[in-house]
Amino acid sequence: MHELGITQSIIEIAQDHARAENAAQVLSVTVEIGALSGVVPDAVEFCFEACSKETLLDGARLIIEFVPGRARCSACAWEDQIDQLTYTCPGCGNLSLERLQGEELRVKELEID
Ligand SMILES: [Zn+2]
């Protein structure tokens, strides 16, 4: 599963930060996941509990902030929300969509102890 590796890297990033701060444990981790990132938030949540065992994140709360996809068309100036499978502009049909947001996949915040 694709999300397993992603969850493991989220945990690694969080642990590295926590260690750098001399933290004993991570209480919560906030992760931003964009609609266009190809990552399924539910699957990350599912992997998190198992992957965080015996790490500094054992028992930590995983907070997922979902970022909707947004794009603008450089041909007709159409701008709106899009999903992962939208490649052509709904306004003019051009393949000139510029993705403005939704590709995020990052650890945004950590609460440590
Ligand atoms: Zn357009």
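What follows draws every value from the coordinates through simple rules; no lab data is involved. All figures in this text were calculated on a predicted structure; none of them were measured in a lab. All Cβ positions, even for glycine, are placed from backbone atoms using ideal geometry, and neighbour counts span all protein chains on display.
Regarding the stretch 29-52, can at least one residue be identified that is part of a loop (DSSP other than H, G, I, E, B) and within 16 Å of the ligand (Cβ to nearest atom)?
Filtering the stretch 29-52 down to residues part of a loop (DSSP other than H, G, I, E, B) leaves 35-40.
Then keep just the ones that are within 16 Å of the ligand (Cβ to nearest atom); that gives none.
For the stretch 29-52, residues part of a loop (DSSP other than H, G, I, E, B) and within 16 Å of the ligand (Cβ to nearest atom): absent.
Screening the candidates Glu3, Glu45, Glu12 for the property of being charged (D, E, K, R), more than 15 Å from Glu111 (Cβ to Cβ), in contact with a helix residue (DSSP H, G or I) (Cβ under 6 Å, 6 or more places away or on another chain) and free of Cβ contacts under 8 Å to residues at least 60 places away in the same chain yields one hit, Glu3.
For residues that are over 26 Å from Gly102 (Cβ atoms) and either among the charged types (D, E, K, R) or under 17 Å from the mean Cα position of the chain (by Cα) (or both), tally how many sit in the stretch 17-48. Count: 2.
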